[in-house]
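For reference, the structure is listed below as structure tokens.
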Amino acid sequence: MFSAITYELSSKFLEEHKCTRLLGSAMSKKPAAQPTLHKVIMVGSGGVGKSALTLQFMYDEFVEDYEPTKADSYRKKVVLDGEEVQIDILDTAGQEDYAAIRDNYFRSGEGFLCVFSITEPESFDATQEFREQILRVKNDENIPFLLVGNKSDLGDKRRVPLDACRERAQLWQVPYVETSAKTRDNVDKVFFDLMREIRSRKSDDSRATNGDVKRTKRRKIKCNIL
Amino acid sequence: MGPPPVVTGISPKEGPPGTRVTIRGEFLGTTATDLIGLKICGCECLLSAEWKSKNKIVARSGPCKGRGDIIVTTKSGGEGTSTVQFRGYHESIGPVKESAVWVEEAAPPSLPWGRRPMSPTAYTPPDPLGLSTEGDDCKFPEEELHELFPDSSGKLCDENFQPGWYLLEHHSNTSFEDLKAGMVFLQRKVEGQKEGQLSFLKANTGAVMDQLDRLVLLKNMYEDDQRKNGKEPLPSLQAAIEESITLADSLFSEILSRKENADKTREALSLLTRHKFLFQLPASIDKNIRKKEYDLVVNDYTRVKNLFGNTDVKLFQKILDEIDKKIEDLKENLHTRMKTMPINVQEQTKYIRLLISLNWEGDAAWIAITTRKDYLMNLLIKVKDHFKQKEEQELGDKSRRKAKEGEGEGSWSAVRAGACAAASGALAAELHALWPLARRYFAGELAGAPADPQRHADLKEMITSAVQLFSTHVRACVLSGGAAAGADTLRARLLANLRSLREAYESLLKLDLPSQPLSVVEKIIFDYRVHGMTVFLQRAHKRVKGLVDKETWKIQEFSEYGAITDLPHLLETYLIDALSSIHKCVFTSGRRETALLIEGSEPLNILQKHTQQILLAFVSVLQELALQHDDQDFNNTSLSVALDQPLVAGGAGGAGGAGGAGEARARSWQQRLLIAAANAAYARRVTLPRVAAAFDSFEFPTPVLALQTTKDALSNLESSIAETYLEHKGDPLVGTIEPSMYMGRHKIDPDAIVDDARPYVYEIINNLIAVHAEVDSICGAACSRYVSDICETVCEEVSRLVASAPPPARAPAFRARLEATLLRLATAAHLTRKAENYLAETIASIPPLETEEEKKRMDTLIQDFKKRMELQLASLNCNMETV
């Protein structure tokens, strides 16, 4: 409970900080030192293809051999709708062994790609838990979130019906996309869609912040007292 | 200069030192060598970096702590940048924490008295909020703290302490109620410190008083002490301490020294057990050498060289020296063994391998080869000497025993045969050993140094010289002259020698030796075969020559060419004997041998020459036999004897078919002459074709020239014999005619009535009968030649005599006519045309009969003569068969 509050506080600080910096830079009419950074976190069970998707997106590379990930970090510049932004991808471990450290990672995420394998019903079931954990940590129903059904190239081995996936996406009110890290089908789409959501979400937030400065100030004072 | 490297991905993004990190990005180097630097969190990790592609490097993180960039430096792009960061942390490992590395569980060696230095840095002040942090596993991400509170610290003692950081770091999970309680606690503490000294004193009056009392007491005691021990208590204290130290030392020195000894002993023992192998090696080497387990020795030696070869320890070096010495001895020993002959190849190979594996400085295999060769040479010489000695000894014995037989068997003796077999065996066996050895040597199988190309030539030289030596010895042994032994021994020895030679040759063939030595051996065999052939032929020659003494004049058979003795048959037998021996023993060629009798080859010439010699020898034997007449015998023979003898002998000859040797020996030389002629004729007509047939049957080329020469020689001989015979037979006969014609009643009354021929006519007839009988008894159907020849001479003589004294009177004329007619009548069967002419001329020269009466008388006389001489005439005209 407390941690959630503190985090909220801290994120507010951060945004404020950034805003002032942005403002300062804008005022000095200098080009931004760093493009906007969007933090994407890959979640999902082990072996569904999180790392494969990431590497395909980052390096156009399909890795055949499976090596369980602990926590990988990638960051590169992309052009999103004509604007240069940076995408930071945190590729997390799917294995339950690392479940305890997930919370920490999730906190820093701005958008989530919740991946499962359409050939593995268990991984589809697990998306439920991930969703819950993310919502708990972020405490935000509208956090940018995409449900991704990977391994669409293995259509003949499909064991999760498309309807069930769509139904769940509908339930969560998130987009559902099927990808293939192997054929690079929809890979760019999921990342760019997610980034667009993050961007729109940020602009919403900043408008809200700008629109209600007082509330922010009050909060800030409160924090200082603490 | 290409674009600088950019690291955009790291997997994993954090980990303890030594984590395998996959670094991804762009322009991370064009090749593995292009990558010249890799820093993770400031630690150089190039050493562990594994360049995979220009987008990927795999490395291990260094001993870094905290977050840091990953900086890749390439030759082509220079120093790069990183968009991601790696965080290194040190894992604290404890009893409950799983760890990939094994942790020493024993306590670290503690200092005496358990003094443990307390690092001031390790001191962490207790929680100011007085809250337990247990179960606070969820850590707040450090990087976020850094982001939230730049230039601040979460440490209580730091100047830039940020309470927010501290709280987030330590109490991010603490509930709000607990925090409030902590706040209260902290406030109370602060309050407590604020209240001042007075209140503090008031609150603790009793304790303060107590402290004062104590201080006074302490002071008093100190002063007492000073009084007692003087101003400087330290020296005495020091002395006491030193005393106690010495005492303690003395107390413990013994124990300590004992412990030290024990330690040393233990150390030595452990050293011994650890290097047991080394220490026991000299003994085990000795043992193994005794057991001949050289492989073990070599293995051990190699092992010990690997393990302790570079040791600096004196003791080890000493032992190594000892071992080296033993190995040197062993090498020497092996070398000697390898060189000691005889030895089989396997063993020798084993020694060679051992020597090579012991790094012996010589070329072991080559030495083995040369040794073997020397041994072979020596062996051959030894064999030769041994057998020579043996032979001499035997010869000595023999000459002592039987001086007459001192000749010995020469090249055919058993000793020589033995020598030949031994030498062949030795050559075959040793080359069998030497050649494979050499082949393996040159094939590099003996693991030696690659062979000098010169050595190939050397080896060839060696083998050739060995074979040459062998050939010289065998030649000396087998091909040198010597009296021929009996046929059977001869054949047996020849075959035995040939067999041993061939066996050797066979085995050399199997070895695939170069052609040069092989041809040498083959040459020996060939020469030996030729030698054998020559020997057989010479033997036949000798035997044929010896026929002179063998002639018994015993008539063996009446052929159509007259009566013959054993001679032609013996000739045939001897020749066929020799030929069959040759055929059996030497004609057949072994594998890869030259055929003996090739057209135009030396052996064929020899064969032809010898055949001719043998046949000519036979001819000369016949000649000798025929024409060798004791002059004595002949000279003593008076005319009458000469004339009488044939009758007697003829009678004997008639019965001679079954006659004894004594009888035969008594033959007159005229008879011998005739027999020889018959033999010659038989030999010419029958034996020679048979010999030719024999040559054919043995598949030898027919010696046409020899046969032809012999044929000519034989016909010459025949004619010369015939001449001789005539000379000796006809001359006396003719010589008797004139005296007996004029004997007594030569000068008869011209008118006297002639009622009979003069006795000389009867004499002539009788003589002719004698000759006819003799010739016929010997020559049979062929006799007419001799008889008619004699008749011719007789007729010639009579004609001459009648012509020289033409009878003037009637009576002598009548008588002469009568005589001529009678003679003509008697010899009618044997008259040649010439003789006929002579007689006709004689009759014509005599005046013809004038009266009928005379004619009638003549007829009567002739009829009378016919009647009277019926038996004589018949005997003159018949021959053996009709009788």
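The values are calculated or read from the model by the stated rules, or taken from the named source; none is laboratory data. Since this is a predicted model, take the numbers as computed values, not measurements. Every residue, glycine among them, receives a Cβ derived from its backbone with ideal geometry; neighbour counts consider all protein chains shown. Areas reflect the complete protein model, heavy atoms only, side chains present, ligands, DNA and RNA absent. Shrake-Rupley method; radii C 1.70, N 1.55, O 1.52, S 1.80 Å.
Equivalent ellipsoid semi-axes for the stretch B:274-339, as square roots of 5 times the alpha carbon gyration tensor eigenvalues: give them largest first, rounded to whole Å.
Working from the Cα gyration tensor, I get semi-axes of 21, 12, 10 Å.
Modelling each spin label as a point 7 Å along the Cα-to-Cβ direction, I'd like the B:S357/A:Y98 distance in nm, to one decimal.
5.5
In cubic angstrom, how much convex hull volume per residue do the alpha carbon atoms of the stretch A:55-207 span?
Roughly 120 Å³ of hull volume per residue.
May I ask for the distance between the Cα centers of the stretch B:812-875 and the stretch B:185-220, given as a whole number of Å?
With the stretch B:812-875 and the stretch B:185-220 each reduced to a Cα centre, they are spaced 210 Å.
Please compute how much accessible surface disappears when A pairs with B, both sides summed, using a 1.4 Å probe, and round it to the nearest 100 Å².
Buried area between the two chains comes out at roughly 2300 Å².
With heavy atoms of protein chains only and a 1.4 Å probe, what residues of the stretch B:46-66 have at least 30 Å² less accessible area in the full set of chains than alone?
none
Which part of the stretch B:284-326 falls in the paramagnetic zone of B:L271, meaning amide N under 13 Å from the point 7 Å along Cα-to-beta-carbon?
Output list for this probe position: B:312-319.
Leaving ligands, DNA and RNA out of it, work out the accessible area of B:M221 with a 1.4 Å probe and give it in Å² to the nearest 10.
Surface open to solvent at B:M221 totals about 120 Å².
Going 7 Å from the Cα of A:K202 in the Cα-to-Cβ direction, what parts of the stretch B:144-182 have a backbone nitrogen less than 15 Å from that spot?
none
Taking Rh as the Kirkwood radius computed over C-alpha pairs, what is the Stokes-Einstein D of the stretch B:6-88 at 25 °C in a medium of viscosity 0.890 mPa s, expressed in µm² per second?
Rounded to a whole number, D works out at 207 µm²/s.
Between A:Y66 and B:E328, what is the FRET efficiency for a Förster distance of 56 Å, r being their Cβ-Cβ separation, to the nearest 0.05?
0.35
Per 0.36 nm of contour for each residue apart, how much would the distance between B:S253 and B:E738 grow if the chain were fully extended, relative to their Cα-Cα spacing?
Contour length minus the Cα-Cα distance gives 158.0 nm.
Of the beta bridges DSSP finds with both residues in the stretch B:6-88, what % are antiparallel, to the nearest 5?
Here the antiparallel bridges make up roughly 85 percent for the stretch B:6-88.
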